[in-house]
Amino acid sequence: MLLQGCRGASGSGKLQVVASIEPLAYFVQRIGGDRVSVSVMVPPGGDPHSYEPTPKQMARLASAALFVKAGSGVEFELDWMPRFLALNRRLRVCDASAGIGLIPMAANVGNDGEGRRHGSSDPHFWLSPSSARVVAANIAAALSRADPPHRGEYEANREKLDAELRTLDGELRQRLAGVRARRFIVFHPAWGYFAREYGLEQIAAEHEGKGLTPLQMAKVIQVARAAGVHTIFVSPQFSSAQAEAIARDIGGSTAVLDPLSRDYQANLRRAAEAIAGGAR
């Protein structure tokens, strides 16, 4: 009954799925194919840490069969997740992070004067192909539970995507293997899983999108110079003004790394190229 009602709500005959962020929508679409219709809560350029859903999005969720959440804290679930679930008591929820060992948030040389690690976990687990394979498996299982007659199709799509992700991992390892400078500075600490996967070290300037004081900026500049870093990587979801000021001071530049791109595989390839280029 749940499946039939959710399909009928759109008149398309497709399983209605809502994903919290763009990367998760990519996996839903690749695995669900023509069987699903996917919408995203946080729009391109939006910050999932602080985003508030629109009334239209809340209404869409009320007729959805499945909600795919990151589950790692990136959505600040204690704030708006209960409201979602109250709209649709029969809504199935897929925790995309299930089975993934979350790592501690990266050291922050700006907000933590000595670069201490925060007790919180890094929520950006999807930025690692090995984690992405787990995400795909979780979503395939959730789609199969919501739509059992097409379980075989979802599993076949997952297997195809899994092979692509293994190929992607090999490409990225080859591209980054010869990079001498293994440290890179990001203003927002989103690339910890990517760094761990490929033997890199992410140095984060800030934490939770908070701006830096002049003293904290000076600390980042000091670390950048000591590490021989000339590129400060920024996320399009946050202001780049302070990162640009730091880059000017060290005689370097800024470059964009987008942790929320829907074009998942191409985005990781671009990230590898940018990090390799910034290490020269």
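Laid out as a table, the results:
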| item | result |
| --- | --- |
| Net charge of neighbours whose Cβ lies under 15 Å from the Cβ of Gly199, counting Lys and Arg as +1 and Asp and Glu as -1 | +3 |
| Spin-label model distance (nm) - Asp162 vs Gln174, 7 Å beyond Cα toward Cβ | 2.3 |
| Angstrom value of the Kirkwood radius, inverse mean 1/r, which spans all Cα pairs in the range 127-280 | 16.9 |
| In order through the range 149-158: 3J(HN,Hα) via Karplus (6.51 cos²θ - 1.76 cosθ + 1.60), integer Hz, x for Gly, Pro | x, 10, 3, x, 5, 5, 5, 5, 5, 5 |
| Stretch gain in nm, segment Ser239-Gln222, where the contour uses 0.36 nm per residue and the Cα spacing is subtracted | 4.0 nm |
| Accessible surface ranking that places the most exposed of Ile185, Ile100 first, with a 1.4 angstrom probe | Ile100, Ile185 |
| Ranking by accessible area, most exposed first, for Ile31, Ile103 with a 1.4 Å probe | Ile103, Ile31 |
| Whole-number accessible area per residue in Å² for the range 146-259, which is evaluated in the context of all protein chains at 1.4 Å | 47 |
| Apportionment of accessible area to carbon and sulfur, the range 189-280, percent (1.4 Å) | 51 |
| Relative contact order for the range 134-244, counting Cα pairs under 8 Å that sit 6 or more residues apart, in percent | 21 |
| Reach of Lys14 by Cα under 27 Å, taken over lysines that are not fewer than 8 positions away in the same chain | Lys56, Lys69, Lys160 |
| Relative compactness, the range 204-280, computed as alpha-carbon Rg over 2.2 N^0.38 Å | 1.12 |
| Karplus 3J(HN,Hα) series, Hz, for the range 60-67 with 6.51 cos²θ - 1.76 cosθ + 1.60 (x for Gly, Pro) | 5, 5, 5, 10, 7, 8, 8, 10 |
| Solvent accessible area, Å² - Glu171, 1.4 Å probe, full protein context | 80 |
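The values are calculated or read from the model by the stated rules, or taken from the named source; none is laboratory data. Owing to the predicted nature of the structure, the values given are computational and were not obtained by experimental measurement. With ideal geometry, Cβ positions are generated from the backbone for all residues, glycine too; neighbour counts draw on all protein chains shown. Heads up: the accessible areas ignore ligands, DNA and RNA and are worked out on the full protein's heavy atoms, side chains in. Shrake-Rupley method; radii C 1.70, N 1.55, O 1.52, S 1.80 Å.
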